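The values are calculated or read from the model by the stated rules, or taken from the named source; none is laboratory data. In this text the structure is predicted, and so the values were computed from the model without any measurement. No Cβ is skipped: glycine too gets one built from the backbone with ideal geometry, and neighbour counts run over all protein chains shown. Ligands, DNA and RNA are stripped out before the accessible areas are found, and what is left, the full protein with its side chains, is counted by its heavy atoms. Shrake-Rupley method; radii C 1.70, N 1.55, O 1.52, S 1.80 Å.
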Amino acid sequence: VAVLAGIGVGVYVLADDGGSGGGSAGPAQQDRRDSGGRNDPFGDSGGGGGGESPAPDSPGSPERSEPPTIDSGSVADPVSGISLPIPDGWSGQQLSVGASVTSDDSYKCPGDASNTCTKGGAYSAPALVLGTKGDTAEEVAKADIEANAEESYGEKAYGGITSHEELASKAVTVAGQKGYLVRWKAVTEKGADGYVESLAFPSPADPERIVVVRFGVDTDQQQTVIDEITKGIEVSEAGGGNGQDV
């Protein structure tokens, strides 16, 4: 409930002033679990493959029906004006304020066997909705990585993160925009360690707004899948907007 309330505030800010104003939301995700998992930051239930139920568009509004699952090609994020490529063995879903892609491989979370974790996934959202501060892509990426790591491999799903190693911190061009990424290897208390990355860049739909793509992939998978998704992010043919339609 707290997570959904935080997202509601963030969405309301976007809808109210077109993304140009201040304000922030709380964390947009709960670990890498089946219920509100890593790749369904705006869902209140459902699986790690994008979730069963997107959150309300704004406080007091009715819920939308579950968006379809896409098995190949790409999935659009109309709010940010981008699309995320869907790797082989993964699936995608359009979310109420973003898009997600997730591995089809899953297992019981080592920290809580009543929930299901996935081998990897990524989702996009405006930095404003995530509550990540910063005026530039570099500032946002560096500010976001710790929260991303905690949500992806945190205490409830993996017993907590015991240490981390920074693998990359560099500028990158994404969808024609000058962005920045930070990648960590997170060492967990229980079960799989993970590669986490926070990628930030100006939204093609609104250059004044920074979009964040959060990645989390188990270390028994190849890091190249993160690079594949990063390189495959494109300006969405579905178009974008200033947030007023959110």
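Annotations for the structure displayed:
- Per-region count, segment 135-170, residues open to solvent by 30 Å² or more (accessible area, probe 1.4 Å), acidic (Asp, Glu) and outside any strand (DSSP E or B): 6
- Of all residues in segment 175-188 being of a type in the set (D, E, K, R) and either under 22 Å from residue 139 (Cβ atoms) or open to solvent by less than 50 Å² (accessible area, probe 1.4 Å) (or both), the one that is farthest from the chain's Cα centre (by Cα): 178
- Annotation for segment 132-147: at least one member residue is of a type in the set (S, T, N, Q) and over 17 Å from residue 226 (Cβ atoms).
- Meets criteria (open to solvent by 60 Å² or more (accessible area, probe 1.4 Å), more than 23 Å from residue 198 (Cβ to Cβ) and either modelled with pLDDT under 95 or not aromatic (Phe, Trp, Tyr) (or both)) for residue 69: yes
For every residue, the table says whether it meets (1) touching a residue at least 12 places away in the same chain (Cβ under 8 Å); (2) under 14 Å from residue 211 (Cα atoms).
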site: 102; (1), (2): yes, no
site: 105; (1), (2): yes, no
site: 110; (1), (2): yes, no
site: 132; (1), (2): yes, yes
site: 135; (1), (2): no, yes
site: 164; (1), (2): yes, no
site: 185; (1), (2): yes, no
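- Looking across segment 189-203 at every residue that is open to solvent by 10 Å² or more (accessible area, probe 1.4 Å) and outside any loop (DSSP other than H, G, I, E, B), the one that is nearest to residue 150 (Cα to Cα) is identified as 195.
- Sole exception among (1) at pLDDT 95 or above; (2) assigned to a strand (DSSP E or B); (3) open to solvent by 10 Å² or more (accessible area, probe 1.4 Å); (4) small (Gly, Ala, Ser) for residue 113, by number: (1)
- Residue within segment 85-92 that is at pLDDT 95 or above, at negative phi, surrounded by 24 or more Cβ atoms within 10 Å (Cβ to Cβ) and not in a strand (DSSP E or B) present: no
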